[in-house]
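Colleague: My questions will all concern the structure given below.
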Amino acid sequence: VKGGPLASALLILAALAASWTGALDLLNLDTQAQRLLLRAGAPIADSPVLLVTIDAASERALGRPFGAPHAAAWRADHARLIDRAAAAGATAVVFDLFFESSSAADGRLADAARRAHSAARPLRVIFGVRQFDAAGQPALVAPLRDAAAWGSLCLVNRGNGALWGSPLAVLRPAAGAGGEQVSADTPSLALQALVGERLLDADLGRRQ
């Protein structure tokens, strides 16, 4: 079609401009587009990621609901999961859960995380954290905080409650400091799952 390449280029530029200026946010189009992309995505064959869910079938199979009264039993199961994952050669186990209340099995879960970390083929264990306590420490029971890494479970509503995003980190510019380097902390659960190294300063100029 005559003029097709030019029309395509102009359409791309218009879409980029709309995205850059926030026009898509006003119409909620970015959320709608991302929802469509998520629905269109097919499961990846031979994916290196295994999702272990806790659902009604899990509760029936184990004969107990997932809740505070049975926290110790569930955390003992989590410890067994870590041991089995380590034996199977996994590289990381990530708990998309928060552990704010103590239980009798916290030591067992912490020991499993330590064993995995010190194994011949180390396995990283990351626990979820959704808030900080009054002292500025992650709200995670002490045995687990000392035994493994943690990642933020903080979510941000991307529009109408239809789609949520997770900040990769929190940037904290020092008062009066100039330049492009900004202190970064509070890594997200996803970032901790993929990168084992400590979070460093963010380079704003290079968007890193």
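Colleague: Counting every Cα pair in segment 80-208, what percent are over 25 Å apart?
Modeller: The answer is 35 percent, as a whole percent.
Colleague: Near the amide H of F132, under 5 Å away, which other amide H atoms are found, from residues 5 or more places off or on another chain, if H is placed in the peptide plane?
Modeller: Residues meeting the criterion, in which the H sits 1.01 Å from N, are A139.
No lab work stands behind these numbers, since they all come straight from the coordinates. The shown structure was predicted, so the numbers you read here are calculated from the model rather than taken from an experiment.
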